[in-house]
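The values are calculated or read from the model by the stated rules, or taken from the named source; none is laboratory data. In this text the structure is predicted, and so the values were computed from the model without any measurement. Cβ sites come from the backbone with ideal geometry, for glycine too, and all protein chains shown count toward neighbours.
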Amino acid sequence: MELYFRPLAWADALAVARWRYPAPYQLYDLARGQMLGSVAIHRVTAPLRRIGFYAVASHDDPLIGVFSFRKLGYALEIGLGLRPDLTGQHHGLAFVRAGLAFGRATYAPISFRLDVATFNQRAIRVYERAGFVAGRSFTRYTRLGAYEFIEMTRPAHDPTAAP
């Protein structure tokens, strides 16, 4: 499946705000106010903060997920979300690889980084298969309480690409 990236529109933000993940993944639900606030802040401050929010679509589906990109020096921090009804169906690796390719082409980073909750072993396995390695762990306080997260990183070059 070929994936397409476009700047996140208000309609996309409203759709994502309605997504609900099953337990224990409800940590990734975006409260309506949080998402709209985040998008509103993004539209005003993105040029200064170098954050990009993108909707991800396929030929047959106008919104399969979202990606965010933020430059941190030479690294590119990514955030991502696959639509809840598509999770657990082996779409994750292709989704992550498409996001890395888009981030590499758009931002030209030296490395990628992301944070993931330690309970989310399904995502961690996908990230490892995409070349990420686990680094430091830390506690993040969320609207649902304290969760342990790990930072994962990988070089930006694509080791599967031809020389």
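Number of residues in the range 92-107 that are in contact with a Leu (Cβ under 9 Å, 6 or more places away or on another chain) and free of Cβ contacts under 8 Å to residues at least 12 places away in the same chain: the value is 0. Of the candidates 138, 132, the single residue that is surrounded by fewer than 17 Cβ atoms within 10 Å (Cβ to Cβ) and of a type outside the set (Lys, Arg) is 138. The single residue among 124, 110 that is β-branched (Val, Ile, Thr), surrounded by 11 or more Cβ atoms within 10 Å (Cβ to Cβ) and touching a residue at least 40 places away in the same chain (Cβ under 8 Å) turns out to be 110. Being surrounded by fewer than 18 Cβ atoms within 10 Å (Cβ to Cβ), in a helix (DSSP H, G or I) and either basic (Lys, Arg) or at pLDDT below 95 (or both) is a property that residue 33 has. Scanning the range 104-163 for residues that are β-branched (Val, Ile, Thr) and within 27 Å of residue 5 (Cα to Cα) returns 106, 110, 116, 124, 126, 133, 150, 153, 160.
All conditions in (1) farther than 18 Å from residue 14 by Cα; (2) within 13 Å of the chain's Cα centre (by Cα) hold for residue 54, with the sole exception of (1). Restricting the first member to the range 74-88 and to residues that are of a type in the set (Ser, Thr, Tyr), and the second to residues that are outside any strand (DSSP E or B), the beta-carbon pairs closer than 6 Å and six or more apart or on different chains are 74/110.
Among strands (runs of 3 or more DSSP E) entirely within the range 39-150, having at least 3 residues that are of a type in the set (Ser, Thr, Tyr) and at pLDDT below 95 singles out 133-142.
Just give me the residues in the range 56-74 being of a type outside the set (Ser, Thr, Tyr) and surrounded by fewer than 17 Cβ atoms within 10 Å (Cβ to Cβ), in sequence order. Can you show your working first?
Step one: filter the range 56-74 for residues of a type outside the set (Ser, Thr, Tyr), giving 56-57, 59-67, 69-73.
Once the filter is applied, which keeps residues that are of a type outside the set (Ser, Thr, Tyr) and surrounded by fewer than 17 Cβ atoms within 10 Å (Cβ to Cβ), the range 56-74 yields 59, 60, 61, 62, 71, 72, 73.
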